[in-house]
């Protein structure tokens, strides 16, 4: 892999709008994903070693599929890693997570713009 | 977006991105099963957004510069030294403090993912999580340091510490000259985030005097 030796910092910063540099999370979903991970670790669902292995595995897999792995897609890998651990630990299944994802999608669709989106039984279709 | 588009937004439903949908799905499933509590999640986020950050590490470093007994304890067992000092919030990670000297400069990386001492530095900067940093700092630390405009004397050895999930490193930078008699608080202002990762040095007093 060739990369310009002067680009480590510049590349990582280039895609962040000036005013957002130094923010802890770029978007709220990243904060939620981070917090879920800490909460599950506190409950003893996994060890940090298991976490690092899973996250490291997701990063490698993403790189193999052409992800730039420049730091900006980091929380995408992070999210996949929690989903995988939640399945591997038998807490939930891919199918259940997909069903809830679809339900949230329906809830968003029927919620007027600007109103809080709340999940209801009818969203499970 | 034009005003025209905006006027019509209320006619349509809301939209959540793919990742937002997946995070909401996870949170709902885990909440229903009792694994997470949304109010606790909010508290965790608030803690990381407002309370922890490099200022915590900076105070620890400044204490080490001014208190020889604390410095010795920190280098022996950083987690214990911090937790027993009574002056800092307790840390959960296994923290190892590595001290810069004229002979050795320390740099921290996590080659596997991006393990980082959250409790004392907050969350890592984007470049810390990037593949170029993770791979290059191991192969050629001096060129990476040059990216950060850090040049070290020829004779200084560079040691790269690869974090693991269970061991996280905090670099104690060298105390800048010309700071004799400075208070801990004043010294802490010289300790940057990058200086505690090893991709920077503590600020020169001349850089902060105003």
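Where a number appears in this text, it was derived from the coordinates with a stated rule and is not lab data. Since this is a predicted model, take the numbers as computed values, not measurements. Because the Cβ atoms are built from the backbone with ideal geometry, glycine has one as well, and the counts that use them run over all protein chains shown.
Listing for the model above:
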| read-out | value |
| --- | --- |
| Pairwise centroid distance, computed over Cα atoms, of the range B:156-210 with the range B:58-85, Å | 14 |
| Extension gain (nm, one decimal) between residue B:50 and residue B:139, 0.36 nm per residue minus Cα-Cα | 28.5 nm |
| Cβ-Cβ FRET estimate between residue A:88 and residue B:156, R0 fixed at 45 Å, reported to 0.05 | 0.50 |
| Order by protection proxy (mean Cβ within 10 Å, highest first), peptides A:63-71, B:22-30 | B:22-30, A:63-71 |
| Over chain B, relative contact order from alpha-carbon pairs under 8 Å, at least 6 apart, % | 23 |
| Helix B:54-66 axis, angle to chain B major axis (alpha carbon atoms, nearest 10°) | 10 |
| Peptide A:88-98 - average C-beta neighbours from other chains (10 Å radius) | 2 |
| Share antiparallel - DSSP beta bridges, chain B, percent rounded to 5 | 0 |
| Within 10 Å of each Cβ in A:45-55, the average number of Cβ atoms from other chains | 4 |
| DSSP beta bridge pairing in the protein assembly as shown, given as percent antiparallel to the nearest 5 | 10 |
| Among B:198-204, B:91-97, B:13-19, the order from most to least packed when residues are scored by Cβ within 10 Å on average | B:198-204, B:91-97, B:13-19 |
| Taking the C-alpha atoms of the range A:27-108, convex hull volume expressed per residue in Å³ | 114 |
| Quarter of the Cα convex hull surface for chain B, i.e. its orientation-mean projected area (nm²) | 17.4 |
| Chain B: calculated mean residue ellipticity at 222 nm from DSSP helix runs of at least 4, using -39500 (n - 2.57) | -12000 deg cm²/dmol |
| The range A:73-110 and the range B:86-137: distance between their alpha carbon centers, rounded to Å | 30 |
| Value of relative contact order over the range B:112-192, rounded to a whole percent, pairs C-alpha under 8 Å and six or more apart | 30 |
| Approximate spin-label separation residue B:32-residue B:85, in nm, with each point projected 7 Å along Cα-to-Cβ | 4.6 |
| Averaged over B:105-116, number of beta-carbon atoms from partner chains that fall within 10 Å | 3 |
| √(5λ) per eigenvalue of the Cα gyration tensor, the protein assembly as shown, largest first, Å | 39, 22, 20 |
| Fully extended contour minus Cα-Cα distance, from residue B:207 to residue B:104, at 0.36 nm per residue | 34.7 nm |
| Inter-label distance, nm, simple model (7 Å from Cα along the C-beta direction), residue A:122/residue B:186 | 6.8 |
